[in-house]
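Since the structure comes first, as structure tokens, the remarks are kept for the end.
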Amino acid sequence: MVLLEKVQHLYKGDANSTFIQFFRYTFVGGIAFIVDFGTLALLTEIFKMHYLLSAGIAFILGLTVNYFLSVNWVFNNRTIENRLLEFVFFSVIGLIGLGLNELFLWILTDLFAIYYLISKIITTIIVYFWNFFARKFILFNKVNNE
């Protein structure tokens with residue numbers, strides 16, 4: 001029964017520990033990645049957009065999904081009370097992530113000749129860690145709320 005309660009706590013209730021936040025952020029990131037990756041493939045393969053333009057649009061859609069899920073399920077503590085300002089900072093961190101995304105995607109695809117969707121998977125892992133830790137310590141840091 002204790003194990004069941006611990007597993008349920010991963011999905012429900014407060015997420016005050018970094019472990020629970022990281023666990024939940026992984027799910028949120030997975031959902032945002034599906035939106036991002038699916039949009040990238042759709043725009044590039046079906047609508048014949050250049051992969052870097054598609055990647056930018058896809059990343060912004062993934063960012064929006066990530067924000068709403070993050071503030072409603074992952075992070076309980078807020079550093080910034082103003083939600084609009086919080087979204088701006090969340091987006092700035094995401095834009096830095098977008099820059100990293102585009103840079104690594106270009107390096108892996110154009111310089112190393114790796115298929116762009118494989119490059120996207122590798123790039124997503126790198127940007128995932130940047131986004132989680134930057135958001136946790138800048139926007140959703142308990143220390144700053146006390």
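The values are calculated or read from the model by the stated rules, or taken from the named source; none is laboratory data. Keep in mind that what you see is a predicted model, and the values were worked out from it rather than measured. Cβ: placed from backbone, ideal geometry, glycine included. Neighbour counts: every protein chain shown. Surface areas here come from the heavy atoms of the whole protein model, side chains and all, with no ligands, DNA or RNA. Shrake-Rupley method; radii C 1.70, N 1.55, O 1.52, S 1.80 Å.
All of (1) in contact (Cβ under 8 Å) with a residue 40 or more places away in the chain; (2) touching a Leu at 6+ places or on another chain (Cβ under 6 Å) hold for Met49 with one exception: (1). Within the range 1-9, is even one residue in a loop (DSSP other than H, G, I, E, B), free of Cβ contacts under 8 Å to residues at least 40 places away in the same chain, among the aliphatic types (A, V, I, L, M) and exposed (fewer than 14 other Cβ atoms within 10 Å of the Cβ)? Yes, because at least one residue in the range 1-9 is in a loop (DSSP other than H, G, I, E, B), free of Cβ contacts under 8 Å to residues at least 40 places away in the same chain, among the aliphatic types (A, V, I, L, M) and exposed (fewer than 14 other Cβ atoms within 10 Å of the Cβ).
A search for C-beta distances below 7 Å between a residue of the range 20-43 that is closer than 19 Å to Ile57 by Cα and any residue that is open to solvent by less than 20 Å² (accessible area, probe 1.4 Å) and β-branched (Val, Ile, Thr), counting only pairs 6+ apart in sequence or on different chains, returns Val28/Val74.
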